[in-house]
Every structure is written in structure tokens, then in C-alpha cells.
Ligand code: HEC
């Protein structure tokens, strides 16, 4: 009986660990990165999107991967000149967009290489 409960507990614990994805509330970008993103946003995006534009967008995108949002943004924005920024610049702007929705900053910047953004899920802001 005791042995059975231990087995059940181990299964439950491992299930729980495996089931919990990393999301944008887990301090996934750095303050400095968001600051750089703010400058780029002012220069390239503010003319069409005020700061309040992004939170509802994140709501719609919540549950999807950050990689998907980044791909869409890089391919279609700025609408006047799609894809004109460097990859890193889009990531910095995304960090700024996360900061606007009060997702917390952490020590590590958001990193687009290595496929990590495919597994990072957008939380409902
Ligand atoms: C010339 C105007 C213009 C500029 C500049 C511009 N956008 Fe957009 N953006 C639009 C339009 C138009 C849409 C689609 C209509 C809408 O949802 O408002 C849009 C939609 C978006 C969306 C939501 C798309 C979706 O499917 O949810 C995001 C995110 C976005 N833009 C980010 C950016 C970023 C980041 C920049 C700066 C690099 C930028 N935009 C610059 C016009 C612009």
C-alpha cells in the first residue's frame, strides 16, 4: 500500500514538472533590452501604434509561442516597410511590449537563437 502511494506521488510530480511551460510571466527579458526596444518602438512603430495598442494584441496571442508572434511581427511590420529592422531589433521591441504589459524583467535578455522562443508561451496579460 505504502509502495503504491509513493509510485503514484512520483508519477504525479513528474507529470506536473513536464506539464508546466515557461511563459512570459517568468522574467524572460532584461530591463536594458526593453529600454533599447523602447527607443526602436518610438522610431519605427509609435507613428501607427500607441503604447496601449499592444496589451489587447497579447491577449489575443496568449497561449501561442513567442516565436510565432516574432515571425509575424518581423514579416509584416512596420507596415510601411516590412522586415526592415534587424532580427535583434524586433526582439528588443518585443521585450518592450512585454514590459508595457507588466510582464516582469529578469537578468537574462530574450534570446531569439537556439529555438527557445518556440517553447516560450505568451501569458494572458
Ligand atoms: C504605417 C503604419 C504602421 C507601422 C509604422 C507599424 N505598424 Fe504594426 N500594424 C499596422 C496595421 C495597419 C496593423 C493591422 C491592423 C491592426 O490590427 O491595427 C498592424 C498590426 C500590428 C500588430 C498586431 C498584428 C496581429 O495580427 O495581431 C503588431 C504586434 C504590430 N503591428 C507591431 C508593430 C511593430 C512592432 C511596429 C514597429 C516595428 C509596427 N507594428 C509598425 C500598422 C503599422
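The values are calculated or read from the model by the stated rules, or taken from the named source; none is laboratory data. In this text the structure is predicted, and so the values were computed from the model without any measurement. When we count neighbours, we look across all protein chains shown, and the Cβ atoms used for this are built from the backbone with ideal geometry, even at glycine.
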**Prompt:** In segment 78-91, what residues are touching a helix residue (DSSP H, G or I) at 6+ places or on another chain (Cβ under 8 Å) and either near the ligand (Cβ under 7 Å from one of its atoms) or closer than 25 Å to residue 102 by Cβ (or both)?
**Reply:** 78, 85, 89, 90, 91
**Request:** Answer yes or no as to whether residue 102 is within 18 Å of residue 21 (Cα to Cα) and either near the ligand (Cβ under 10 Å from one of its atoms) or modelled with pLDDT under 95 (or both).
**Result:** no
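Which count do you get for residues in segment 26-41 that are more than 10 Å from the ligand (Cβ to nearest atom) and either surrounded by fewer than 16 Cβ atoms within 10 Å (Cβ to Cβ) or not in a loop (DSSP other than H, G, I, E, B) (or both)? Break it down stepwise before answering.
Initial filter on segment 26-41 (more than 10 Å from the ligand (Cβ to nearest atom)): 26-36, 38-39.
Adding the requirement that they be either surrounded by fewer than 16 Cβ atoms within 10 Å (Cβ to Cβ) or not in a loop (DSSP other than H, G, I, E, B) (or both) leaves 26-27, 30-36, 38-39.
Total satisfying the criteria: 11.
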**Request:** Search segment 78-89 for residues that are closer than 11 Å to residue 44 by Cβ and pair each with any residue that is near the ligand (Cβ under 6 Å from one of its atoms) when their beta-carbon atoms are under 6 Å apart and the residues are at least 6 apart or on different chains.
**Result:** 78/44
**Within segment 65-77, tally of residues that are more than 10 Å from the ligand (Cβ to nearest atom) and touching a residue at least 24 places away in the same chain (Cβ under 8 Å)** = 3
**Request:** Give the residue, chosen from 90, 41, 29, that is within 21 Å of residue 124 (Cβ to Cβ) and either within 15 Å of the chain's Cα centre (by Cα) or modelled with pLDDT of 95 or more (or both).
**Result:** 29
